[in-house]
Every structure is written in structure tokens, then in C-alpha cells.
């Protein structure tokens, strides 16, 4: 029998650090994801506005 995921003894402090880092990583990803969505909407609005100005001048 081969054990692929052999249990590893982890200190409680190390486990706590890994948990906190996981939470920080998830929250950062959500924050940057919402920012990129908001920035994308702003860029699309700017492009639409620029297109309207260009067509109005023509």
C-alpha cells in the first residue's frame, strides 16, 4: 500500500499562520477583482463617450 498524502505534523503556530495567509490571499483577490471590474466599466464608459464625441464632430 502506498500512501500519497502522508500526514505531516504541523505546529499550531504554523497552522495558524497558514490559515491567516489563506484568508489574506482570498480577501486580496476579491478586492482586486472588484477593482478590475469597476475599472473595466469606467473604461468602457470612457470609450463610449469618446466615440460619441468623434461621431458628433464628423
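The values are calculated or read from the model by the stated rules, or taken from the named source; none is laboratory data. Being a predicted model, the structure only gives us computed values, none of them experimental. Methodologically, a virtual Cβ is constructed for each residue, glycine included, from the backbone with ideal geometry; neighbour enumeration extends over all protein chains shown.
Couple of notes before you dig in:
Matching residues to (1) loosely packed, with under 10 Cβ neighbours inside 10 Å; (2) modelled with pLDDT under 85:
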{"site": "9", "(1), (2)": "yes, no"}
{"site": "13", "(1), (2)": "yes, no"}
{"site": "16", "(1), (2)": "no, no"}
{"site": "19", "(1), (2)": "no, no"}
{"site": "33", "(1), (2)": "no, yes"}
{"site": "39", "(1), (2)": "no, yes"}
{"site": "44", "(1), (2)": "no, no"}
{"site": "51", "(1), (2)": "no, no"}
{"site": "58", "(1), (2)": "yes, yes"}
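- In the stretch 16-39, the residues that are in contact (Cβ under 8 Å) with a residue 60 or more places away in the chain and at negative phi form no Cβ pair under 7 Å with any partner that is surrounded by 10 or more Cβ atoms within 10 Å (Cβ to Cβ) and not in a helix (DSSP H, G or I), whether six or more places apart or across chains.
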